[in-house]
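Engineer: Let me begin by handing over the structure; questions about it come next.
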Amino acid sequence: MEPDTKATDTEETDGEETDGETTDAIAVIVDQWGRERPDLDATPMLVIGRLFRLTQTLDQRLRPPFAEAGLGSGDFDLLAALRRTGAPHALSAGELSRTVLVTTGAITKRVDRLEARGLVSRTVDETDSRGRLITLTPEGVALTDELIAVHLDNQRRLLAGLGKDEQADLAGLLERLALALATNDD
């Protein structure tokens, strides 16, 4: 089954207009490859290309509330990871690294910025005096609670072009793709 390549959104699509309908830029690229190299199947671009473009677009549209709060790229991810753990909202740098999927070096830089703002603190791990725990301060909990509500509202707004069933279908398909890719990495 060939995917529907017509844009259903009224926002800019970087596409071409044909007979009053807009085709998204990725569909145009696939059509061009089909014309220039009919021996190749360029249809994987309909998924991968769109995912790549959507990632860039979503990042641009999700970032402003965090920037307005004075948070750098990835800072909210760290705060949210700590908040999700429940009281006392503390993890080691290694645990944070595994949770937000960045290196411990990146965690250290983020913690330095957030600690300077009074949003997290470093304490000695009671179970391992050599280790340190990064803990949300009360100010960090309050800011995270405020921003997660804004973030989820923003996500809902960005998904408003899809019905609930479509969102559930898309979530399921993306989960299957993520699991398939993780399995292929082993």
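Engineer: Exactly one condition in (1) touching a helix residue (DSSP H, G or I) at 6+ places or on another chain (Cβ under 9 Å); (2) at pLDDT 95 or above; (3) loosely packed, with under 15 Cβ neighbours inside 10 Å is false for Arg37; which is it?
Structural biologist: Failing condition for Arg37: (1).
Engineer: Here is a further query. Report, ordered by the first and then the second residue, all pairs with beta carbons closer than 9 Å, sequence separation of six or more or different chains, a first member in region 47-65 that is closer than 17 Å to Asp77 by Cα, and a second member that is of a type in the set (A, V, I, L, M, F, W, C) and open to solvent by less than 80 Å² (accessible area, probe 1.4 Å).
Structural biologist: Cβ pairs passing all conditions: Leu58/Leu158; Arg61/Leu158; Leu62/Leu158; Pro65/Leu71; Pro65/Phe76; Pro65/Leu147; Pro65/Val150.
Engineer: If you go through region 92-123 one residue at a time, how many are under 18 Å from Phe76 (Cβ atoms) and assigned to a helix (DSSP H, G or I)?
Structural biologist: Total meeting the criteria: 18.
Engineer: If you don't mind, another one. Within region 55-91, take every residue that is small (Gly, Ala, Ser) and part of a helix (DSSP H, G or I) and give me the one that is nearest to Asp125 (Cα to Cα).
Structural biologist: The extreme case among them is Ala81.
Residue-by-condition table, conditions (1) of a type in the set (Ser, Thr, Tyr); (2) surrounded by 10 or more Cβ atoms within 10 Å (Cβ to Cβ):
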{"position": "Lys109", "(1), (2)": "no, yes"}
{"position": "Ser121", "(1), (2)": "yes, yes"}
{"position": "Ser129", "(1), (2)": "yes, no"}
{"position": "Ala149", "(1), (2)": "no, yes"}
{"position": "Glu166", "(1), (2)": "no, yes"}
{"position": "Asp169", "(1), (2)": "no, yes"}
{"position": "Leu179", "(1), (2)": "no, yes"}
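Engineer: Looking only at region 92-116, which residues are closer than 19 Å to Ala142 by Cα and touching a strand residue (DSSP E or B) at 6+ places or on another chain (Cβ under 6 Å)?
Structural biologist: Matches in region 92-116: Val111, Leu114.
Engineer: Go through (1) loosely packed, with under 14 Cβ neighbours inside 10 Å; (2) assigned to a strand (DSSP E or B); (3) at pLDDT 90 or above for Ile48 and report which single condition fails.
Structural biologist: So Ile48 meets the others, but not (2).
Engineer: Go through region 94-107 and give me each residue that's among the hydroxyl-bearing types (Ser, Thr, Tyr) and either surrounded by 17 or more Cβ atoms within 10 Å (Cβ to Cβ) or touching a residue at least 24 places away in the same chain (Cβ under 8 Å) (or both).
Structural biologist: Going through region 94-107, the residues among the hydroxyl-bearing types (Ser, Thr, Tyr) turn out to be 97, 99, 103-104.
Across region 94-107, the qualifying residues are Ser97, Thr99.
Engineer: Also, quick follow-up: Only one of (1) open to solvent by 70 Å² or more (accessible area, probe 1.4 Å); (2) of a type in the set (Ser, Thr, Tyr); (3) under 23 Å from Pro64 (Cα atoms) fails for Thr144. Which number is that?
Structural biologist: (1)
The values are calculated or read from the model by the stated rules, or taken from the named source; none is laboratory data. Since we're looking at a predicted model, the values are computed, not measured. With ideal geometry, Cβ positions are generated from the backbone for all residues, glycine too; neighbour counts draw on all protein chains shown. Just so you know, the surface numbers come from the protein's heavy atoms only, side chains and all, with ligands and any DNA or RNA stripped out. Shrake-Rupley method; radii C 1.70, N 1.55, O 1.52, S 1.80 Å.
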